[in-house]
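The values are calculated or read from the model by the stated rules, or taken from the named source; none is laboratory data. Since we're looking at a predicted model, the values are computed, not measured. So basically every Cβ, Gly included, is an ideal-geometry build from the backbone, and we count neighbours across all protein chains shown.
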Amino acid sequence: MNFFKRLFKIGEAEANSALDSIEDPIKMTEQGIRDMKVDLNKSLEALAQVKAMAIRANNEQEEYGAKAKDYEQKAMLILKKAQKGDLDASEADRLAKEALIKKEENSKNETNSKNEAIRFENSVSQLSKNIQDIKKNISKWENELKTLKARVKVSSATKNLNKQMAEIDSSSTVAMLERMKDKVTQEEALAEAYGDIANTSKSIDEELDQAIDITDNNADDSLAKLKEQLGLNKTDS
């Protein structure tokens, strides 16, 4: 029983401490319950055997008691026959004496069987009490095991979550975001710079052509020259 007291002191400890200990409390509890169930089966077998002996002792007590009464009645009948003259007195005394000896033997056996029956019944009572205690303890420890398993699951999940949270470096995350913002800003500035370069790389002619649409002027000149060649610009005097 000291083993199980030690076992459930571990079970009463905090789940994290239990997990860190050398002894696995869940496996120890499961093994303890298996051992107690083995003890329960042995106790049940012992109880059945002791009950059988108690029943046998009670039966023997009744048998010896009946035989003792029977021998006593036989002795009385023999003495009565001698009194009536149906049996020789000396022979009657001898037979009656033998009957009384048998009666005494059976009376002693009856007493011994009675004492044995009482002893067996006391053993039955003690074994029955032990069995009930074992059953209660098994039920209690099975409930303890369920609670312990649930606590271990919660503790393990909490530990893993806390570990994951601890592994998250908030400062490095912020630094990474700042680097990304810097990179985006740099890309935007670079795009604007390329736009400026594209504008400054134009030739002066392109800038002039862009500023003055010479296409229309060229077309007007060409049209005037063509009319002059055809004489369309001359007026009648």
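Of all the listed residues (Lys146, Lys81), the sole one being of a type outside the set (A, V, I, L, M, F, W, C) and surrounded by 15 or more Cβ atoms within 10 Å (Cβ to Cβ) is Lys81. Residues in the stretch 93-112 that are buried (at least 17 other Cβ atoms within 10 Å of the Cβ) and either without any contact (Cβ under 8 Å) to a residue 24 or more places away in the chain or under 51 Å from the mean Cα position of the chain (by Cα) (or both): Leu95, Ala96. Considering the conditions (1) at pLDDT below 90; (2) exposed (fewer than 12 other Cβ atoms within 10 Å of the Cβ); (3) not aliphatic (A, V, I, L, M), Lys136 is excluded by exactly one of them, (1).
From the list Lys159, Lys140, Lys129, Lys108, which one is over 30 Å from Arg34 (Cβ atoms) and part of a helix (DSSP H, G or I)? Criteria check complete, one pass: Lys108. Candidates Lys51, Lys5: the one that is modelled with pLDDT under 95 and over 20 Å from Glu144 (Cα atoms) is Lys51.
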